[in-house]
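Notes follow the structure.
Please treat every number below as a calculation from the coordinates, not as lab data. Fair warning: this is a prediction, and the values are worked out from it, not measured in the lab. Glycine also receives a Cβ, built like all others from the backbone with ideal geometry; neighbour counts cover every protein chain displayed.
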Amino acid sequence: MISPIVSVSRAGPPPGTPSLVDALEGGAVLMFPDLDFPLSRFEERFVERPFADGKAKNVNIRGPEATLRGAAGTPEEQEALRQVLIRYRRFAETLLAEHLPAYAGKVSFAGTSYRPFEVDQRKLSWRRDDTRLHVDAFPSNPIGEKRILRIFRNINPNGQPRHWRVGEDFPSMAQKFLPRLPGYSPLSARILALLKITKARRSEYDHLMLHLHDALKQDMAYQETAPQADVHFSPGQTWVTFSDLVMHGAMGGQYMLEQTAYLAVADQARPERSPQRLLAQALGRPLR
Ligand code: SIN
Ligand code: FE
C-alpha cells in the first residue's frame, strides 16, 4: 500500500475518515489546505531570496533560547527570520493541540527550519540526497524509543509546489530490506558513544534505521520501480507525517518551513504501529 494523503480542511476531515491519530500512526500524510500563517511585508523578503549562509542546507533555531544558525542578512533581518521560526513553532504546536489532542503534553518540540533552497539544485552525496525515497534517521543523534513527527509548510510565493514522492508502507519495505542489513553490535554501539561519535548509545533500532536509510538510497532499482506516488503540496498547504515511518523523497520546490517534534512510542495511541515495534515483529524478537 502507498502512503495515503488525508486532506483535513477547516470543515474537518472527509466523512468516514478514521481518527486523525489513527491515520497518522497508520502511515498517512495529513494535509491541511487552509491554515493561515501570514508573512508581514518585511518578512516577504525571506521568500524572495535565500537568507542562508550557504554552508548548511537549512537555517534553523534550536533549544529554549531559539538560537539562529546558518542565516544570512543584517542583524535586523536575522532577528526577523528568527521570529518567523519562533512563530512557526507556535503554529505547529497549535496545529497539534487542535487536530491531534491525543498527543497534547506528550510531544516535545525540537528544531525548526527554514529551507530556502531549490531542492533540485542541491549537489549532495547519495546519503544526503533526499530526492531518493527514504525514512528519516539521524546518524549522530540516536532516537531510541522516540518517533519523529514533522510539520511542513510550503511558503513559496510564486505558486511553485513542493513536489514529493511517497512510497510503500513500512512493513512491505522492511520485508525487502531487513535481510540485507548488517547485524547489530552492542560493543560497537558503546564505542561510538564513548568516542562521542553518537550523542547517546545507538540502540539496535537506531542501527537498523540508519542502515535501512542507506540501503534504500543506494538501491536505484528500488528507487525507480518500488510502489510510489507523486504528491504536489501547494503554497499555503501544511502537512504532517511521521517521517520515520512514511517513505518520502523531496523532488522539487523552494521555500519551506519545517518543525520537528518527538513523541515516545509508549505515548502513541497504538505503539505496535511504530517502526520500533514493526521491525521487532518482522524479526520475530524484541530489539536490543
Ligand atoms: C526530507 O525530509 O526528506 C526532505 C523534505 C523536504 O525538503 O521537502
Ligand atoms: Fe526525509
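Laid out as a table, the results:
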quantity: Net charge contributed by nearby residues that have their C-beta within less than 15 Å of ARG288 (K/R +1, D/E -1); calculated: +2
quantity: Summed residue charge, Cβ within 12 Å of SER243's Cβ, Lys/Arg positive, Asp/Glu negative; calculated: -2
quantity: Mean shadow area of the chain over all directions, Cα convex hull, nm²; calculated: 15.4 nm²
quantity: 5 angstrom amide H check on GLY253, placed H, neighbours 5+ away; calculated: VAL119, ASP120, HIS163
quantity: Spread of Cα-to-Cα distances over 5 Å intervals beginning at zero, given as percent, for the range 194-288; calculated: 2, 9, 15, 20, 19, 18, 12, 5, 1, 0
quantity: Which listed pairs, of LYS176/LYS196; LYS55/LYS196; LYS55/LYS176; LYS176/LYS199, have C-alpha distances above 26 Å, in listed order; calculated: LYS176/LYS196; LYS55/LYS176; LYS176/LYS199
quantity: Summed side-chain charge close to ASN154 - residues other than ASN154 whose Cβ falls under 12 Å, Lys, Arg +1, Asp, Glu -1; calculated: +2
quantity: DSSP-loop trypsin sites (Lys or Arg not before Pro) across the range 79-131, with at most 15 other Cβ within 10 angstrom; calculated: LYS106, ARG122, LYS123
quantity: Cα point-scatterer Debye curve for the range 98-200, base-10 log of I(q)/I(0) at q = 0.12, 0.17, 0.20, 0.23 Å⁻¹; calculated: -0.67, -1.28, -1.44, -1.44
quantity: From phi via Karplus (6.51, -1.76, 1.60), per-residue ³J(HN,Hα) for the range 58-67 in Hz, x at Gly/Pro; calculated: 10, 9, 8, 10, 9, x, x, 7, 6, 5
quantity: Contour minus Cα-Cα distance for ASP53 and SER188 (0.36 nm per residue); calculated: 45.0 nm
quantity: In the range 1-70, chymotrypsin sites (Phe, Trp or Tyr not before Pro) in a DSSP loop with at most 15 other beta-carbon atoms within 10 Å; calculated: PHE42
quantity: From phi via Karplus (6.51, -1.76, 1.60), per-residue ³J(HN,Hα) for the range 247-253 in Hz, x at Gly/Pro; calculated: 5, 8, x, 9, 9, x, x
quantity: Set of the range 225-258 residues, backbone N closer than 16 Å to the point 7 Å along the Cα-Cβ line of PHE37; calculated: 233-243, 253-258
quantity: Of TYR262, GLY249, LEU287, farthest towards positive along the dipole that unit charges on Lys, Arg, Asp, Glu beta carbons give the range 243-288; calculated: LEU287
quantity: Rg/Rh (Cα only; Kirkwood hydrodynamic radius) as it applies to the range 1-100; calculated: 1.07
quantity: Alpha-carbon radius of gyration plus Dmax, which is the widest Cα pair, for the range 245-288 in Å; calculated: 14.8, 43
